[in-house]
Amino acid sequence: MATPASGAEPVPEVTTGPVFNDPSGDAAAEERILRHLGSLVDGAEPQSTIRISLYLYQSGWMTEKLKAAHTRGVSVQMVLDADATSTATTGLKQWVESQPGGDSWVRMCKPEEACLAKDPGTTAADPNGTYDNVNHNKFFLFSRTKGVDNVLVQSSGNLTASDLRDWWNDAMTVAGNKALFDAYTAYFADQAGAAVGEVAKVSDYAHDTQAGVAKVYFFPRSTTDVVVNVLKTVAQPIEGQEACHGNDPGFGTSDGRTKIRIAQGHITRPAVAEELWNLANAGCYVEVVYRKLDNPPSTAVAGWLTKPTAKGRIALHQLYNDERGGTGTHTKYLLVEGTYLGGKNKKIVFTGSHTYTLTALKYNDETMLKYEDSAVFDAYVRNFEAQRAAAVNEGL
């Protein structure tokens, strides 16, 4: 699985910016992210290190590329969830372990547990104590590839056939940002250490790192909701203006109101939905492409997102046709266009593996990346519009 077809589009060089697949397109469009990652693996230089943290891994094609990288002197290190039970996983793990010397390995989390995040045990929501928390990460670190140091790819997708052909995904590459790369590397080291019992599991991993125009947030979090905090920061008004107002023409709505766009696979946290409603009620324009809301029997998230506001309803578009032969959204991004932290005319992307669920907040290993750059933001807007169009065209 997760093997590209022949004749695909050329892969981009190592530059900062996003790559998106298009599961409604041809094979080349579906495979953009996988081919981009394969190109970076091919470009990894001897004595460099590739570090990968993933939930699911099913790509025999990538396995062969990682074997070749190891053979030419690249250290290949992977942290995978126990749910990654594919033949690609076992084949790569067995092959790496059979190689003499070197610093390559594949480490697995314990079954029904994340690697670093502490298992919650018995809770009101899980009275039997069988809560299946996971390493839900999807990031790739290349210490040097194609002549470029410190290359990070933060993706929303795993390396599976469904992530290519059924689901919309993004992969944000950041090249040459050492502070950001080092923060990810330290987190990866803690995950890898926890997987073999050398690092204690944690219920709170508040190691946010600002790195120029980038900032990374790691999970789990036990005391605060990072997404709610971000949305509350959006609500901080510019001096002399109401919340969500005061942007210049070309930013947000035509009358200068902040726009919030979300393309998210799953939203179950009522506090996030309530804060989105608060922003919409204050005048922000809020639009959401989603796969699923709530976990039945709860309807709290849907209740907030469908509740009328002073400016009308939040715009909702469900993209959940992958089980019906269509496509589904699997991205986890939030786009802020307008006010943020009391400033105006901002264009900020938040992306990563983090779904807006309780599990992702408190019990999983997860990462969320913030990036402030107009060109990057505009690329994400185009992807959002493509997903919105798919939701409209495919229907339910």
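The values are calculated or read from the model by the stated rules, or taken from the named source; none is laboratory data. Keep in mind it's a predicted model, so treat the numbers as computed, not measured. Neighbour counts are summed over all protein chains in view; Cβ atoms, including those assigned to glycine, are modelled from backbone coordinates with ideal geometry. Heavy atoms of the whole protein, side chains included, go into the accessibility calculation; ligands, DNA and RNA do not. Shrake-Rupley method; radii C 1.70, N 1.55, O 1.52, S 1.80 Å.
The set of residues in the range 374-396 that are of a type in the set (Asp, Glu) and surrounded by fewer than 17 Cβ atoms within 10 Å (Cβ to Cβ) comprises Asp378, Glu385. Scanning the range 326-349 for residues that are over 24 Å from the mean Cα position of the chain (by Cα) and surrounded by fewer than 16 Cβ atoms within 10 Å (Cβ to Cβ) returns Gly342, Gly343. Within the range 357-396, restricting attention to residues that are in a helix (DSSP H, G or I) and of a type in the set (Phe, Trp, Tyr), the residue that is nearest to Thr299 (Cα to Cα) is Phe384. Within the range 213-249, the only residue that satisfies the criterion of being free of Cβ contacts under 8 Å to residues at least 24 places away in the same chain and on the phi > 0 side of the Ramachandran plot is Gly240. Those helices (runs of 4 or more DSSP H) of the range 12-129 in which 2 or more residues are open to solvent by less than 60 Å² (accessible area, probe 1.4 Å) and of a type outside the set (Gly, Ala, Ser) occupy 32-43, 60-71, 87-98. Residue count for the range 325-345 under the criterion of being under 22 Å from Ala243 (Cα atoms) and free of Cβ contacts under 8 Å to residues at least 60 places away in the same chain: the result is 0. Within the range 301-325, restricting attention to residues that are modelled with pLDDT of 95 or more and among the aliphatic types (A, V, I, L, M), the residue that is most open to solvent (accessible area, probe 1.4 Å) is Leu316.
Checked against the criterion of being among the aliphatic types (A, V, I, L, M) and modelled with pLDDT under 95, the range 63-83 has no qualifying residue. Number of residues in the range 163-191 that are in contact with a strand residue (DSSP E or B) (Cβ under 9 Å, 6 or more places away or on another chain) and open to solvent by less than 40 Å² (accessible area, probe 1.4 Å): the value is 18.
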